[in-house]
Amino acid sequence: MSLTFAEATKTSIPVIVLDTSALEDWCDAQPQRVRNWVMSSKFTAGLGQALLVPSDRGDPQCALIGYGSASKRKRSRFALADAVGKLPEGCYHLQQGIPEADLDEQALGWLLAGYSFQKYHKRPIASVRLKAPDGVDAARLEAIAAGEALIRDLVNTPASDMGPAQLEAACHDLAGRFDAQITAIEGVALLAQNLPMIHAVGRAADQAPRLIDMRWGTRGPTLTLVGKGVCFDTGGLNLKPGNSMGLMKKDMGGAANVLGLAQMIMALNLPLRLRVLIPAVENAVSSNSFRPQDILTSRKGLTVEINNTDAEGRLVLADALALGDEESPDLMISMATLTGAARVAVGPDLAPFYTDSDALAQVLLNSGKRTADPVWRMPFWDPYEPLIEPGIADLDNAPAGGFAGSITAALFLRRFVEQAKDYIHFDIYSWQRTAAPGRSKGGLGQGPRALLEALPHLLVL
């Protein structure tokens, strides 16, 4: 199914969205034939229910979609998306029942319900198209849906077809579509260009490590996005057990999410100067793998004691952040599938973020609510700084003890950002464990919609 709205001139079936409390009144106003049909179909306007109502001639008169109760909707997202797959093929338009404040979320959810990862197994998908509802910015929602599809496609692709070289190719494709400039520093050139930790993490893999650098825009404030591009993470010499390694194709979810956000920004032609930095590596095991107790020197000059080779994401991000920071951007954002501690803290649905700015944090929290992209602020807790200071080196990449793992990782990254006006770090999961309305099982965007909504306030566009 296309992740775009149907043409406005196309013949369409009206959709009536009914809260459970509104069903009886609506039925009372209908002919007996319709009341009988609704009753015999056991339609109760429960959340996600769908029913096609025929006219007296047998053709579709309207479609009913259940909106449930306010308490049920509070426990869900994209309520209409659950009903899309229950409707027959056709074109639809929303006639009544959606509050104006919910229109964007529900229209976007309808679009996202059409996503399917088809690269390796082609499945028929029913074409259930929606006309853009009055009052929504159709082009914006389509750009968001396309960006989300890019994120999901990248994360869903296995490491056999999404190594550092393929991730770079995806960046080139994106840059080509929006006339962005792109370069990459690869292999031993990373050492010559003073990006030593990216090289150290990725040097053991068959595909050379690289730093991908994309730029777009010539006016407005400066925004630098940094995404963790660990295309597969074995854990290195601190090898992960099999059940922990099973989802490691998604360890480049940070890169996927910043690319999805970048696509949204460029598609909407936002007035800003964008830079995207992606350290793309595979954390593999070989005779030249970096080792526990190694001490690495970062681009910034800070030394890092390696106490766990499975804490590699912060190492590659550190060099990329230091590089981006040298230009003193107005805002720098890092996104990474960084720690299991974040999942323990807030679970898989919430995207935790860190910032020192209370004002930015409030803007992001509000934007997340408006865009059905829930985020949650975590603290840059300064009293934990000693935990990342091992004594033998400036920093420890894996503090002992296991407490506050997401916070100490964020504090580690903050050490590499000094000149940016503001800095936000996201520790995301980027994976939907079971299918849900508007969210197929697999790769998932977390944070880009909230950030896109917040950007005019974060950067005063």
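The values are calculated or read from the model by the stated rules, or taken from the named source; none is laboratory data. On a predicted model such as this, the values are computed, not experimentally measured, just so you know. When we count neighbours, we look across all protein chains shown, and the Cβ atoms used for this are built from the backbone with ideal geometry, even at glycine.
Pairing each residue of region 431-447 that is closer than 12 Å to Phe117 by Cα with any residue that is surrounded by fewer than 18 Cβ atoms within 10 Å (Cβ to Cβ) and not hydrophobic (A, V, I, L, M, F, W, C), provided the two are 6+ apart or on different chains, yields C-beta distances under 8 Å for Ser440/Ser116; Lys441/Arg433; Lys441/Thr434. Answer yes if at least one residue in region 25-36 is closer than 27 Å to Ala126 by Cα, modelled with pLDDT of 95 or more and in contact with a Cys (Cβ under 9 Å, 6 or more places away or on another chain), and no otherwise. Yes: region 25-36 contains one or more residues that are closer than 27 Å to Ala126 by Cα, modelled with pLDDT of 95 or more and in contact with a Cys (Cβ under 9 Å, 6 or more places away or on another chain). With respect to Ala45, is the statement that it is surrounded by 19 or more Cβ atoms within 10 Å (Cβ to Cβ) and more than 26 Å from Ala145 (Cα to Cα) true? Taking the combined requirement at face value, the residue satisfies it. Determine whether region 16-29 contains at least one residue that is touching an Asp or Glu at 6+ places or on another chain (Cβ under 8 Å) and within 30 Å of Lys441 (Cα to Cα). Scanning region 16-29, I find no residue that is touching an Asp or Glu at 6+ places or on another chain (Cβ under 8 Å) and within 30 Å of Lys441 (Cα to Cα), so the answer is no.
Report yes if some residue within region 147-154 is in the same structural domain as Leu270 (by TED's automatic domain parsing), on the phi < 0 side of the Ramachandran plot, buried (at least 22 other Cβ atoms within 10 Å of the Cβ) and small (Gly, Ala, Ser); otherwise report no. Yes, that holds for at least one residue. Checking every residue in region 300-307 against the condition of being under 18 Å from Val230 (Cα atoms), crowded, with 24+ Cβ neighbours inside 10 Å, modelled with pLDDT of 95 or more and touching a strand residue (DSSP E or B) at 6+ places or on another chain (Cβ under 7 Å) gives at least one match. For region 384-404, the tally of residues that are of a type in the set (D, E, K, R) and closer than 17 Å to Glu312 by Cβ stands at 1.
Selection of helices (runs of 4 or more DSSP H) fully inside region 286-401 by the criterion of at least 2 residues being under 24 Å from Lys421 (Cβ atoms) and among the polar types (S, T, N, Q) returns 358-370. When region 130-165 is filtered for residues that are under 14 Å from Gly253 (Cα atoms) and not aliphatic (A, V, I, L, M), the ones remaining, listed by number, are Gly147, Glu148, Arg152, Asp153, Asn156, Thr157, Pro158, Gly163, Pro164.
Among the residues of region 171-203, write down those that are on the phi > 0 side of the Ramachandran plot and touching a His at 6+ places or on another chain (Cβ under 8 Å).
Passing the criteria: only Gly187.
Once region 372-385 is narrowed to residues that are out of contact with any Pro (no Cβ under 9 Å at 6 or more places or on another chain) and not aromatic (Phe, Trp, Tyr), the residue that is surrounded by the fewest Cβ atoms within 10 Å (Cβ to Cβ) is Pro383.
Inside region 244-284, residues that are touching an Asp or Glu at 6+ places or on another chain (Cβ under 7 Å) and in a helix (DSSP H, G or I) make up a count of 3.
Applying the criterion of at least 2 residues that are aliphatic (A, V, I, L, M) and outside the structural domain of Ala372 (by TED's automatic domain parsing) to the strands (runs of 3 or more DSSP E) found wholly in region 1-99 leaves 13-19, 50-54, 60-68. Pairs are defined by a Cβ separation below 9 Å, a sequence spacing of at least 6 or placement on different chains, a first member in region 312-333 that is closer than 20 Å to Cys231 by Cα, and a second member that is among the basic types (Lys, Arg) and surrounded by 24 or more Cβ atoms within 10 Å (Cβ to Cβ); the pairs so defined are Gly313/Lys228; Arg314/Lys228; Val316/Lys228; Leu317/Lys228; Ala320/Lys228.
Being farther than 30 Å from Gln293 by Cβ, hydroxyl-bearing (Ser, Thr, Tyr) and either surrounded by fewer than 22 Cβ atoms within 10 Å (Cβ to Cβ) or not assigned by TED's automatic domain parsing to the domain that holds Leu111 (or both), is that true of even one residue in region 404-421? Scanning region 404-421, I find no residue that is farther than 30 Å from Gln293 by Cβ, hydroxyl-bearing (Ser, Thr, Tyr) and either surrounded by fewer than 22 Cβ atoms within 10 Å (Cβ to Cβ) or not assigned by TED's automatic domain parsing to the domain that holds Leu111 (or both), so the answer is no. Ala255 fails exactly one of the following numbered conditions: (1) among the small types (Gly, Ala, Ser); (2) within 27 Å of Ala454 (Cα to Cα); (3) surrounded by fewer than 24 Cβ atoms within 10 Å (Cβ to Cβ). What is the number of that condition? Among (1) among the small types (Gly, Ala, Ser); (2) within 27 Å of Ala454 (Cα to Cα); (3) surrounded by fewer than 24 Cβ atoms within 10 Å (Cβ to Cβ), Ala255 violates only (3). Identify the residue in region 352-371 that is free of Cβ contacts under 8 Å to residues at least 24 places away in the same chain and of a type in the set (A, V, I, L, M, F, W, C) and, among all such residues, is surrounded by the fewest Cβ atoms within 10 Å (Cβ to Cβ). Across region 352-371, the extreme among qualifying residues is Ala359. Inspect region 39-47 for any residue being modelled with pLDDT of 95 or more and within 28 Å of the chain's Cα centre (by Cα) and give the result as yes or no. Yes, some residue in region 39-47 is modelled with pLDDT of 95 or more and within 28 Å of the chain's Cα centre (by Cα).
Of all residues in region 402-431, those that are assigned to a strand (DSSP E or B) and under 15 Å from Ala341 (Cβ atoms) total 3. State whether the residues of region 303-310 include one that is within 23 Å of Asp213 (Cα to Cα) and of a type in the set (A, V, I, L, M). No, there is no match, as no residue in region 303-310 is within 23 Å of Asp213 (Cα to Cα) and of a type in the set (A, V, I, L, M). Looking across region 1-21 at every residue that is surrounded by fewer than 17 Cβ atoms within 10 Å (Cβ to Cβ) and not β-branched (Val, Ile, Thr), the one that is nearest to Phe117 (Cα to Cα) is identified as Ser2.
When Pro399, Pro390, Pro383 are screened for being farther than 30 Å from Pro221 by Cβ and without any contact (Cβ under 8 Å) to a residue 24 or more places away in the chain, only Pro383 passes.
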